[in-house]
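What follows is a set of notes on a single structure, which appears directly below.
The values are calculated or read from the model by the stated rules, or taken from the named source; none is laboratory data. This is a predicted model, so every value here is computed, not measured. Glycine also receives a Cβ, built like all others from the backbone with ideal geometry; neighbour counts cover every protein chain displayed. Heads up: the accessible areas ignore ligands, DNA and RNA and are worked out on the full protein's heavy atoms, side chains in. Shrake-Rupley method; radii C 1.70, N 1.55, O 1.52, S 1.80 Å.
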Amino acid sequence: MSRLSVDVRRCVAEMAEYAGPEDAEQLAKRLGVPASSIVKLDANENPYGPSPRVAEALARFDAYHIYPDMEQRELRRWIGEYVGLDPAHVLAGNGSDELIDLLMKAYLDPGDEVMDFPPSFGMYSFNAQHYAARVIEVQRDERFEIDPEEALAALTPRTKLIILTSPNNPTGNRVPPETIARLLESGRLVIVDEAYAEFASGSVVSWVPRYPNLVVLRTFSKWAGLAGLRIGYGLLPLEVARHLWKLKPPFNVNQAAVVAVRASLDDRAWLLENCRKIVAERERLRAALASIEGLRPYPSEANFILCDVEGRDAEALRRGLRERGILVRYYRTPRLRNCIRVSVGTPEQDDRLLAALREV
Ligand SMILES: *Cc1c(COP(=O)(O)O)cnc(C)c1O
């Protein structure tokens, strides 16, 4: 018999486990329905899926036995062309989640601080734990806006990263460019996560070459429907990029993802047309939600809508929807005490959601 006589790092022992969305397949099995009938509106995935050219290109590709290009040369050129920046600013990752992790790995010593603006994306505080970093929370106001002066006043000498999500997940609003500009004056590394930029009315991506402390994160998961292939990217100041390259796992982006990006960018007109459909459907869905008693949807510039639930229990509502094969996110944090977040689906999926909401 042997035994494990070493302890895990303390910050790992103390970590909470990440609670992700529920598995649609398990739900289908439990309800005894086909998996395809589940209406999955809990993870902001693209209801139209990837470009049909992705499956064709993946089937045709003949070099899966070859490691991908460590330097991501072609990939960075295509992405650079798409966002209008020199490829030297581009670093691709296994989802933009990996970029968040690499940035923290590069900048956070134990006890350093990350500034977060809850309610926001859970991955930031989750990842910060890996580095025994502290999360400074600056609360958003009742309209989920950020007060940049309050944020600047809360900085300490150990605050290294300021992380903004624009449009914000789960609230759906953008951070005004003036707020970002003001926070950049702090000299801290300001990370703007633009995972939903293709559904929004603006972006600060063009600012990247002008600021030595601005990072913009983007992903193919939402607008291009490639969440399952794990491909995101950072747009980085050259000095930041130089350090991240040292930390990047050599083959972090797989060949299938590279092939899929090429096919997606070649078919961007089709994909962006779907984004326009989703934006139009978002506005229809929001009006319909607002017409249901006890629901108060917030405006959104992303592919999801946050909704206050009034006069009934949001968790019970979520359970009722789940029994009808519809998955949504719900929140129980103090600021989002009784809220659900629904991703914008196809009109048919959303009609099922609306019917179920009226019924539960
Ligand atoms: C979905 C999401 C991401 C995830 O991106 P991946 O590229 O799939 O890792 C990043 N940031 C926010 C705010 C998101 O909602």
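Here are a few things to note about the model shown:
- Charge tally in the Cβ shell below 13 Å around LEU226, where Lys, Arg are +1 and Asp, Glu are -1, LEU226 excluded: +3
- Summed residue charge, Cβ within 13 Å of ASP112's Cβ, Lys/Arg positive, Asp/Glu negative: +3
- Cβ crowding within 10 Å averaged over residues, with 88-98, 176-186, 115-125 ranked highest first: 88-98, 115-125, 176-186
- Counting only protein heavy atoms and a 1.4 Å probe, the range 1-154 has 57 square angstrom of accessible area per residue.
- Semi-axes of the equivalent ellipsoid for the chain, Cα gyration tensor, largest first, Å: 31, 26, 23
- Cross-link pairs beyond the 19 Å C-alpha cut-off, checked among LYS105/LYS246; LYS222/LYS248; LYS222/LYS246; LYS105/LYS248: LYS222/LYS248; LYS222/LYS246
- What the Kirkwood sum gives for the range 229-269 is a hydrodynamic radius of 11.9 Å, with every pair of different alpha carbons counted.
- Given charges at beta-carbon only (K, R positive; D, E negative), |dipole| of the chain in Debye: 460
- Largest GNM mean-square fluctuation across ARG268, ARG140, ARG60, computed for the chain with C-alpha springs under 10 Å, falls on ARG60.
- Divided by 2.2 N^0.38 Å, where N counts the residues, the Cα radius of gyration of the range 149-209 comes to 1.13.
- Mean projected area in nm² (Cα convex hull; one quarter of hull surface) for the range 90-142: 4.1
- log10 of Debye I(q)/I(0), alpha-carbon scatterers only, for the range 215-360 at 0.09, 0.18, 0.19 Å⁻¹: -0.40, -1.05, -1.10
- Centroid-to-centroid, using Cα positions, the range 162-233 and the range 121-147 are 15 Å apart.
- Between LEU247, ILE191, ALA181, the Cα set farthest toward the positive side of the dipole of the range 163-283 (charges on each charged residue's Cβ, about the Cα centre) is that of LEU247.
- Estimated from helical segments only, the mean residue ellipticity of the chain at 222 nm is -11000 deg cm²/dmol, where each DSSP H run of four or more residues counts as -39500 (n - 2.57).
- Karplus-derived 3J(HN,Hα), 6.51/-1.76/1.60, for each residue of the range 164-175, Hz, glycine and proline x: 10, 10, 8, x, 7, 9, x, 8, x, 8, 7, 8
- Remark: C-alpha extents of the range 241-318 on the principal axes read 52, 31, 22 Å, sorted largest to smallest.
- Apportionment of accessible area to carbon and sulfur, the chain, percent (1.4 Å): 52
- For the range 158-293, the share of DSSP beta bridges that are antiparallel, to the nearest 5, is 30%.
- A Förster radius of 56 Å, combined with the Cβ-Cβ distance separating GLU149 from ARG60, puts the computed FRET efficiency at roughly 0.55.
- Computed from the alpha carbon positions, the gyration tensor of the range 2-129 leads to an equivalent ellipsoid with semi-axes of 31, 28, 19 Å, biggest first.
- Temperature 20 °C, viscosity 1.002 mPa s: under these conditions the Stokes-Einstein estimate for the range 121-222, based on its Kirkwood radius over C-alpha pairs, is 151 µm² per second.
- Summing +1 for each Lys or Arg and -1 for each Asp or Glu among the other residues whose beta-carbon sits under 11 angstrom from that of ILE191 gives -1.
- Most mobile listed residue (VAL261, VAL204, VAL33) in the chain, GNM with C-alpha springs under 10 Å: VAL33
- The DSSP beta bridges internal to the chain are antiparallel in roughly 50% of cases.
- Whole-percent P(r), the range 283-360, all Cα pairs, 5 Å bins from 0: 3, 16, 31, 30, 16, 4, 0.
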